[in-house]
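Input: a single structure, listed below in structure tokens.
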Amino acid sequence: MRFSFLNLAKQALSAHRNWPEQWRFPETKASYDAIIVGAGGHGLGTAYYLAKEHGMRNIAVLEKGWLGGGNTGRNTTIIRSNYLWEESQGLYEHSVKLWETLSEELNYNVMYSPRGVMMLAHTVHDIQVFKRHVHANRLQGIDNEWLTTEQAKEFCPILNIEKNMRYPILGAALQRRGGTARHDAVAWGYARAASAMGVDIIQNCEVKGIRRDANGAVTGVETTKGFIGTKKIGVVAAGHTSVIMQMAHVRMPLESYPLQALVSEPIKPIMPCVVMSNTIHAYMSQSDKGELVIGAGTDAYTSYSQTGGLHITTHTLDAICELFPVARRMRMLRNWGGIVDVTPDRSPILAKTPVKGLYVNCGWGTGGFKATPGSAHVFAHTIARDEPHPINAGFTIERFKTGRLIDEAAAAAVAH
Amino acid sequence: MLLIPCPYCGERPELEFRYAGEAHVARPADPMKTTDEEWAEYLYFRSNPKGIHIERWRHISGCARFFNCVRDTVSDKILKTYKAGEPRVDLKQFEKGAN
């Protein structure tokens with residue numbers, strides 16, 4: 001049932017008791033035309049675009065836990081496209097453009113809010129790097145502008161611009177079209193729209209193995225719900241990508257690290273934008289519920305534990321208290337960790353693999369949420385046509401062999 | 001925060017250490033004869049296991065020496081540390097009750 005004013009009024013007559021379930025809970029079929037491993041935003045989005053733009057309706061999304069329960073439900077929801085290199089700008093800007101109409105597209109309010117993302121410069125090196133980003137972005141027609149310290153304060157009035165800070169603010173780069181969206185709604189919106197087109201979303205179904213024929217091509221997956229046949233597998237498993245790819249004996253240039261975030265008690269609106277500071281390892285925005293959403297850097301070591309050290313969040317809160325003295329007496333309600341898969345050049349891999357029928361979308365590291373629609377869109381193209389979309393053509397595994405890296409360590413904006 | 005038993009100094013908090021990635025990744029012996037694939041494997045490709053991982057740490061704020069550490073990446077429990085240069089440990093001894 002579509003969400004519309006008319007349907008809202010109709011359902012109100014029965015006290016909203018008769019809304020149908022948003023997606024189906026189907027049994028697995030014996031085989032599918034394509035299987036997506038991982039029902040996060042990227043995986044569900046891939047299924048959605050496969051069904052919508054490539055006419056592949058006989059597909060399934062397999063999820064070990066529940067949909068949107070991994071990094072999609074754990075991230076700090078920041079959206080921006082102010083990356084340095086043309087390849088990245090193409091990919092992230094493609095995504096921002098899809099964000100702008102995603103709620104209408106999915107008939108689901110993903111609460112995309114282009115409130116502006118401001119990245120603070122604290123050192124001369126920061127100024128040089130951010131100005132380089134500003135110019136690189138403007139050459140590609142992507143909005144990004146340089147602000148003086150006073151202009152930064154004007155844009156975010158709770159910012160501390162005193163000169164006696166350990167790392168005083170020397171300026172900032174602002175992308176006005178950047179912002180936030182509601183992370184759960186993105187997963188739910190894609191799930192609902194994909195399910196309505198016939199995509200089977202199978203939750204609590206863990207992939208245990210990948211079966212291949214004599215020529216090495218994939219023939220299906222072994223799961224906790226039995227064998228399911230398919231000729232195309234798209235792996236969108238974030239932190240667990242290395243584990244899944246190992247099942248097909250493909251080694252990946254990935255390491256999985258814990259990344260932590262935390263939220264404060266909800267308060268009245270005090271923060272009109274997103275503020276990020278790479279140098280002192282903190283970023284913050286305010287959710288519509290009123291919580292301050294705060295992100296930290298990754299832990300030092302690889303792990304699948306979905307927890308991290310308290311000293312990492314403490315370090316981040318030190319920075320937050322210095323940048324926003326107003327937050328010093330606030331209480332933090334929850335903190336948590338997710339497992340992010342980091343590539344050596346901090347750019348994702350969206351590509352075919354050496355195994356026929358096996359495709360991989362991974363390596364988003366600390367910043368995959370912003371790319372959800374764009375990544376899903378071009379990955380669906382890659383799977384359906386068995387060749388990359390021009391936008392993701394450079395994001396191969398082979399780039400680590402040829403040396404054609406896409407180094408976004410500075411733009412990744414999170415210490416790792 | 002991890003408590004890491006440095007084989008030289010004993011157990012110390014993680015803050016005194018720097019993580020240095022997967023252990024026993026040997027630099028190619030003859031660079032001139034090493035192919036692009038082999039360089040990529042050495043530089044970028046990692047096993048990244050969910051389970052027992054052998055990794056290097058450096059006690060940067062202590063003895064400043066590198067050493068190897070066997071850790072379960074599911075529980076983050078450290079199972080053993082040993083000095084750099086000692087042979088790679090046999091993982092079989094850790095498989096039982098690893099988690």
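The values are calculated or read from the model by the stated rules, or taken from the named source; none is laboratory data. As the structure is a prediction and not an experimental result, all values here were calculated from the model. Positions of Cβ are backbone-derived with ideal geometry, glycine not excepted, and every protein chain shown enters the neighbour counts.
Just one of A:SER242, A:SER277, A:SER287, A:SER264 is of a type in the set (S, T, N, Q), away from every other protein chain (no Cβ under 14 Å) and buried (at least 24 other Cβ atoms within 10 Å of the Cβ); which is it?
Values: A:SER242 fails: away from every other protein chain (no Cβ under 14 Å); A:SER287 fails: buried (at least 24 other Cβ atoms within 10 Å of the Cβ); A:SER264 fails: buried (at least 24 other Cβ atoms within 10 Å of the Cβ).
Only one candidate qualifies: A:SER277.
For the condition touching a helix residue (DSSP H, G or I) at 6+ places or on another chain (Cβ under 9 Å), modelled with pLDDT under 95 and not aromatic (Phe, Trp, Tyr), what is the one hit in B:ALA26, B:ALA40, B:ALA98?
Working: B:ALA40 fails: modelled with pLDDT under 95; B:ALA98 fails: touching a helix residue (DSSP H, G or I) at 6+ places or on another chain (Cβ under 9 Å).
So the residue among B:ALA26, B:ALA40, B:ALA98 that is touching a helix residue (DSSP H, G or I) at 6+ places or on another chain (Cβ under 9 Å), modelled with pLDDT under 95 and not aromatic (Phe, Trp, Tyr) is B:ALA26.
Please go through the range A:79-88 and give me each residue that is buried (at least 22 other Cβ atoms within 10 Å of the Cβ) and either of a type outside the set (Gly, Ala, Ser) or not in a loop (DSSP other than H, G, I, E, B) (or both), ordered by number. Walk me through how you get there before you give the answer.
Going through the range A:79-88, the residues buried (at least 22 other Cβ atoms within 10 Å of the Cβ) turn out to be A:79-83, A:88.
The answer is A:ILE79, A:ARG80, A:ASN82, A:TYR83, A:SER88.
Pick from B:TYR42, B:TYR82: which is away from chain A (no Cβ under 14 Å), outside any loop (DSSP other than H, G, I, E, B) and not hydrophobic (A, V, I, L, M, F, W, C)? Quick ask: steps written out before the conclusion?
Details: B:TYR42 fails: away from chain A (no Cβ under 14 Å).
From the options B:TYR42, B:TYR82, the qualifying one is B:TYR82.
If we keep just the residues of the range B:45-55 that are out of contact with any Cys (no Cβ under 8 Å at 6 or more places or on another chain) and not aromatic (Phe, Trp, Tyr), which is farthest from the other protein chains (Cβ to nearest Cβ)?
That would be B:ILE52.
Taking the range B:4-22 as the search range and keeping residues that are away from chain A (no Cβ under 12 Å) and touching a strand residue (DSSP E or B) at 6+ places or on another chain (Cβ under 9 Å), which one is nearest to B:ARG58 (Cα to Cα)?
Filtering the range B:4-22 for residues away from chain A (no Cβ under 12 Å) gives B:5-12.
Checking which are touching a strand residue (DSSP E or B) at 6+ places or on another chain (Cβ under 9 Å) leaves us with B:5-8, B:11-12.
Working: B:PRO5: 11, B:CYS6: 9, B:PRO7: 11, B:TYR8: 11, B:GLU11: 13, B:ARG12: 12 Å.
So, considering only residues that are away from chain A (no Cβ under 12 Å) and touching a strand residue (DSSP E or B) at 6+ places or on another chain (Cβ under 9 Å), the one nearest to B:ARG58 (Cα to Cα) is B:CYS6.
Does A:SER113 meet the test of being of a type in the set (Gly, Ala, Ser), in contact (Cβ under 8 Å) with a residue 40 or more places away in the chain, surrounded by fewer than 22 Cβ atoms within 10 Å (Cβ to Cβ) and under 24 Å from A:ALA193 (Cα atoms)?
Values: of a type in the set (Gly, Ala, Ser): yes; in contact (Cβ under 8 Å) with a residue 40 or more places away in the chain: yes; surrounded by fewer than 22 Cβ atoms within 10 Å (Cβ to Cβ): yes; under 24 Å from A:ALA193 (Cα atoms): yes.
For A:SER113, the condition - of a type in the set (Gly, Ala, Ser), in contact (Cβ under 8 Å) with a residue 40 or more places away in the chain, surrounded by fewer than 22 Cβ atoms within 10 Å (Cβ to Cβ) and under 24 Å from A:ALA193 (Cα atoms) - is met.
Based on what the data block shows, is A:GLU27 under 30 Å from A:LEU120 (Cβ atoms) and of a type in the set (Asp, Glu)? Let's see the steps before the verdict.
Details: under 30 Å from A:LEU120 (Cβ atoms): no; of a type in the set (Asp, Glu): yes.
It is false that A:GLU27 is under 30 Å from A:LEU120 (Cβ atoms) and of a type in the set (Asp, Glu).
Which residue, of A:GLU100, A:GLU154, A:GLU93, A:GLU105, is of a type in the set (Asp, Glu) and farther than 25 Å from A:GLY41 by Cβ?
Numbers: A:GLU100 fails: farther than 25 Å from A:GLY41 by Cβ; A:GLU93 fails: farther than 25 Å from A:GLY41 by Cβ; A:GLU105 fails: farther than 25 Å from A:GLY41 by Cβ.
Among A:GLU100, A:GLU154, A:GLU93, A:GLU105, only A:GLU154 is of a type in the set (Asp, Glu) and farther than 25 Å from A:GLY41 by Cβ.
Table: residues versus (1) part of a loop (DSSP other than H, G, I, E, B); (2) surrounded by 12 or more Cβ atoms within 10 Å (Cβ to Cβ); (3) under 18 Å from the mean Cα position of the chain (by Cα); (4) not charged (D, E, K, R).
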position	(1), (2), (3), (4)
A:MET1	yes, yes, no, yes
A:ASN7	no, yes, no, yes
A:LYS10	no, yes, no, no
A:HIS16	yes, no, no, yes
A:TRP23	yes, yes, no, yes
A:ILE35	no, yes, no, yes
A:TYR48	no, yes, yes, yes
A:VAL61	no, yes, yes, yes
A:TRP66	yes, yes, yes, yes
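Working only within the range B:56-75, note down all residues that are facing another protein chain (nearest Cβ under 7 Å) and either within 27 Å of A:ARG346 (Cβ to Cβ) or part of a helix (DSSP H, G or I) (or both).
In the first step, residues of the range B:56-75 are kept if they are facing another protein chain (nearest Cβ under 7 Å); the result is B:73-75.
Once the filter is applied, which keeps residues that are facing another protein chain (nearest Cβ under 7 Å) and either within 27 Å of A:ARG346 (Cβ to Cβ) or part of a helix (DSSP H, G or I) (or both), the range B:56-75 yields B:THR73, B:VAL74.
How do the pairs read when you match residues in the range A:211-238 that are exposed (fewer than 13 other Cβ atoms within 10 Å of the Cβ) with residues anywhere that are part of a strand (DSSP E or B), using Cβ under 9 Å and keeping only pairs 6 or more apart or on different chains?
Every condition considered, the pairs that remain are A:ASP213/A:THR219; A:THR224/A:VAL207; A:THR224/A:LYS208.
Within the range A:95-133, can you find the residues that are assigned to a strand (DSSP E or B) and within 19 Å of A:GLN151 (Cβ to Cβ)?
From the range A:95-133, those assigned to a strand (DSSP E or B) are A:113, A:117-121; that's our starting set.
A:VAL117, A:MET118, A:MET119, A:LEU120, A:ALA121 - these are the residues of the range A:95-133 that are assigned to a strand (DSSP E or B) and within 19 Å of A:GLN151 (Cβ to Cβ).
A:GLU206 passes all but one of (1) crowded, with 20+ Cβ neighbours inside 10 Å; (2) within 18 Å of A:GLY38 (Cβ to Cβ); which number fails?
Failing condition for A:GLU206: (1).
Would you kindly identify the strands (runs of 3 or more DSSP E) lying entirely within the range A:284-395 that contain at least 2 residues that are aliphatic (A, V, I, L, M) and under 19 Å from the mean Cα position of the chain (by Cα)?
Values: elements: A:292-298, A:332-342, A:349-352, A:358-362.
Hits in the range A:284-395: A:292-298, A:332-342, A:349-352.
Is it true that some residue in the range B:75-96 is within 20 Å of A:THR298 (Cα to Cα), crowded, with 18+ Cβ neighbours inside 10 Å and touching a strand residue (DSSP E or B) at 6+ places or on another chain (Cβ under 6 Å)?
no
Go through (1) away from chain A (no Cβ under 11 Å); (2) assigned to a loop (DSSP other than H, G, I, E, B) and name the single condition B:MET1 misses.
All conditions are met except number (1).
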